[in-house]
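A.B. asks: I'd like to ask you about the structure that follows.
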Amino acid sequence: MSDLDKLIQLLAKLPGLGPRSARRAALHLIQKKEQLLVPLAAAMDIAVERVVVCSRCGNIDTVDPCTVCRDPRRDDSVLVVVEDVADLWALERAGAINARYHVLGGTLSALDGIGPQDLSINALVTRAHAPEVKEIILALNATVDGQTTAHYITDLLGGAGVTVTRLAHGVPVGGELDYLDEGTLAAAMRSRTPF
Ligand SMILES: [Zn+2]
């Protein structure tokens, strides 16, 4: 295998890229060597050397504690629980809330044999008992496993003296009722709010 084949094969492993788009990406990188390939290689070197998992929240950053945990302007009384780092980053991109996070590292799943000991649940319970924490927001996926996990955590936090909330399920912004699936429509009706 040539060196370029190797590059293409590695690029093809990226989410959303197949062999065909990996070839195009490789060619594009090579043709834009100075503007793209060189800085990309340098950024990847830095990532390889410095990327760490935050020991407090489970986020990925180049510093530990991560930038979010270090930010003094965040509301310490609110902990947002997410399944994985991608969800944390999505909430941050949306500017959804200015609080702290806790990454579980997955959801409970009987099918995949994932139990509480495989997730960062003990650490969450410890953090929830900190005196400054008043609310735990379960920002978990609206899947069966996500909701099972939400119920499990809610039970565990019964004695922690915190309010446990979850994200609303309902009509997406810009969504048309006619296009929603029945489950979403029924959930939206149940979680209706005063106008
Ligand atoms: Zn952190």
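A.B. asks: Over segment 7-56, give the accessible area per residue in Å² for a 1.4 Å probe, as an integer.
C.D. replies: Working: 4000 Å² over 50 residues.
Spelled out: the 1.4 Å probe surface of segment 7-56, per residue, equals 80 Å².
A.B. asks: Right, something else. Per residue of segment 59-70, what does 6.51 cos²θ - 1.76 cosθ + 1.60 with θ = phi - 60° give for ³J(HN,Hα)? Whole Hz please, x for Gly and Pro, Karplus curve as stated.
C.D. replies: After applying 6.51 cos²θ - 1.76 cosθ + 1.60, I find 5, 10, 7, 9, 10, 10, x, 5, 4, 5, 5, 7 Hz.
A.B. asks: Work through the residues other than residue 17 whose Cβ is under 14 Å from its Cβ and net out their charges, Lys, Arg +1 and Asp, Glu -1.
C.D. replies: Values: positive: 13, 20, 23, 24; negative: none.
Neighbourhood net charge equals +4.
A.B. asks: Give the average over all directions of the projected area of the C-alpha convex hull of segment 1-112, one decimal, in nm². Write out the running numbers ahead of the final one.
C.D. replies: Numbers: hull surface 41.4 nm².
Averaged projected area of segment 1-112's Cα convex hull equals 10.3 nm².
A.B. asks: In addition: Mind putting a number on the dipole of segment 48-119 about its Cα centre? Charges go on the C-beta only, +1 for Lys and Arg and -1 for Asp and Glu, and I need it in Debye to the nearest 20.
C.D. replies: For segment 48-119, the charge dipole is close to 300 debye.
A.B. asks: Related question: Per residue, how much accessible area does segment 70-146 show when a 1.4 Å probe rolls over the protein heavy atoms, in square angstrom?
C.D. replies: Values: 4010 Å² over 77 residues.
Value returned for segment 70-146: 52 Å² of accessible area per residue.
A.B. asks: Just going by the charge dipole of segment 83-133, with Lys and Arg at +1 and Asp and Glu at -1 on Cβ, which of 130, 105, 120 is farthest out on the positive end?
C.D. replies: Highest projection toward the positive end goes to 130.
A.B. asks: Of 147, 39, 88, which is farthest on the positive side of the dipole of the chain, counting Cα position, with +1 on Lys and Arg Cβ, -1 on Asp and Glu Cβ, and the Cα centre as origin?
C.D. replies: 39
A.B. asks: Then there's this: Could you work out the mean projected area of the convex hull around the alpha carbons of the chain, in square nanometres to one decimal? Please list the in-between numbers first.
C.D. replies: Values: hull surface 64.4 nm².
The directionally averaged projection comes out at 16.1 nm².
A.B. asks: Using θ = phi - 60° and the Karplus relation 6.51 cos²θ - 1.76 cosθ + 1.60, list the HN-Hα couplings for segment 24-39 in order, rounded to whole Hz, with x at every Gly or Pro.
C.D. replies: 5, 5, 4, 4, 4, 4, 5, 5, 9, 4, 6, 6, 10, 5, 5, x
A.B. asks: Right, here's the next one. For the chain, give the percent of accessible area contributed by carbon and sulfur heavy atoms, probe 1.4 Å, rounded to a whole number. All intermediate terms of the calculation are to be shown ahead of the outcome.
C.D. replies: Values: 7510 of 12970 Å².
Exposed carbon and sulfur together represent 58 percent of the surface.
A.B. asks: Can you give me the relative contact order of segment 68-195 as a percent, contacts being Cα pairs under 8 Å and 6 or more apart? Provide the component values of the computation, followed by the final result.
C.D. replies: Numbers: 160 pairs, mean separation 28.3, N = 128.
Reported relative contact order: 22 percent.
A.B. asks: Below 14 angstrom from the Cβ of residue 188, what's the summed charge of the other residues (Lys, Arg +1; Asp, Glu -1)?
C.D. replies: Charge balance near residue 188 sits at -2.
The values are calculated or read from the model by the stated rules, or taken from the named source; none is laboratory data. No experiment lies behind these values; they were computed from the predicted model shown. Positions of Cβ are generated from backbone atoms using ideal geometry, with glycine treated the same way; all protein chains shown enter the neighbour counts. All accessible areas refer to the heavy atoms of the entire protein, side chains included, with ligands and DNA or RNA removed. Shrake-Rupley method; radii C 1.70, N 1.55, O 1.52, S 1.80 Å.
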